[in-house]
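Quick note: the coordinates plus some simple rules give every number you see, no bench work behind them. Small disclaimer: the values here were computed from a predicted structure and weren't measured. Neighbour counts are summed over all protein chains in view; Cβ atoms, including those assigned to glycine, are modelled from backbone coordinates with ideal geometry.
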Amino acid sequence: MMNSFEKGKLLVISGPSGAGKSTVIGRLMELRDDVCFSVSVTTRPPRPGEEDGKDYFFVTPQHFQELAEGGYLLEYAEYVGNRYGTPRGYVEQRQLEGKSVILDIEVQGAGQICRNCPDAVSVFILPPSGAELERRLRHRNTDSDEKIRERLLQAKRECAEAGKYGYIVVNDDPDAAAREVNAILTAEKCRAADRLNLVTEVLIS
Ligand code: 5GP
């Protein structure tokens with residue numbers, strides 16, 4: 001393999017609560033060492049067990065506003081009353097080091113990334129069926145029936161956006177889904193447009 005430098009990709013992953021995004025991302029990170037995960041900034045309070053700097057950078061609304069206004073966020077959005085954003089510096093630095101950066105973000109933020117970075121790779125993780133989605137949402141918490149119906153409705157609204165993504169991966173089995181995302185990233189890294197410099201190297205040496 002030629003040693004010409006390849007900048008890392010932006011790998012945008014979205015999907016509703018219950019699609020199993022985090023598990024798929026975790027498995028993908030076990031499959032390859034040229035990827036890293038972007039920890040987002042949020043105004044949401046930490047949930048039990050969440051660690052600052054690992055799950056999120058937890059900030060005040062005022063701090064978030066300063067980051068957004070200062071241009072320190074690559075994208076940001078509001079989701080169910082809280083603000084979330086991707087730190088620009090970390091992502092750009094890791095890409096320059098040749099790492100592909102995984103962003104676990106919701107639909108509005110994904111749209112901003114795809115508009116601003118046309119070579120970003122976007123994948124929507126879809127649950128295998130409505131019934132399975134409901135089963136997963138019921139299983140993971142002790143919410144009231146009404147709350148679960150609300151979450152199910154929200155999840156279905158999010159699934160309706162899947163067609164805006166470059167790829168859709170159905171998460172029936174997290175290992176199989178991670179292998180598909182892995183294949184997508186590998187294929188995207190082989191795009192001719194990104195490798196013309198390699199052709200030049202062959203021609204001039
Ligand atoms: P949660 O509060 O459950 O951790 O995340 C809620 C939603 O926010 C999820 O859909 C997650 O993908 C999304 N999210 C997390 N970080 C970011 C971010 O930096 N930007 C955007 N736009 N969405 C994010």
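For the chain, a Gaussian network of Cα nodes joined below 10 Å ranks Asn171, Asn182, Asn82 by mean-square fluctuation, and the top entry is Asn82. In the structure shown, the pairs Lys7/Lys156; Lys99/Lys147; Lys164/Lys189; Lys9/Lys156; Lys54/Lys164 are assessed against 31 Å; a Cα-Cα span above that value is assigned to Lys7/Lys156; Lys99/Lys147. With a Förster radius of 35 Å applied to the C-beta separation of Arg149 and Met29, the computed FRET efficiency comes to 0.55. Length, then width, then depth: along the principal axes, the Cα atoms of segment 55-170 run 43, 33, 21 Å. Taking θ as phi - 60° and the Karplus parameters 6.51, -1.76 and 1.60, the scalar couplings of segment 33-49 work out to 9, 9, 10, 9, 9, 8, 7, 7, 9, 9, 8, 5, x, x, 8, x, x Hz in sequence order, x denoting glycine and proline. Each 5 Å bin, from zero up to the one with the longest distance, holds this percent of the alpha carbon pairs of the chain: 1, 7, 14, 18, 19, 17, 11, 6, 3, 2, 1, 0, 0, 0. Contact order for the chain, expressed relative to its length and based on alpha carbon pairs under 8 Å spaced 6+ residues apart, stands at 32 percent. As an exercise, use a Förster radius of 41 Å and the Cβ-Cβ distance of Leu198 and Asp175 to find the FRET efficiency, rounded to the nearest 0.05. The pair Leu198/Asp175 has a calculated efficiency of 0.80.
Helix 192-204 and the long axis of the chain differ in direction by around 20°, with both axes built from C-alpha atoms.
Which shape class applies to segment 25-107: rounded if a/c is under 1.5, otherwise prolate when a/b exceeds b/c and oblate if not, where a ≥ b ≥ c are the square roots of the Cα gyration tensor eigenvalues? Verdict is oblate for segment 25-107.
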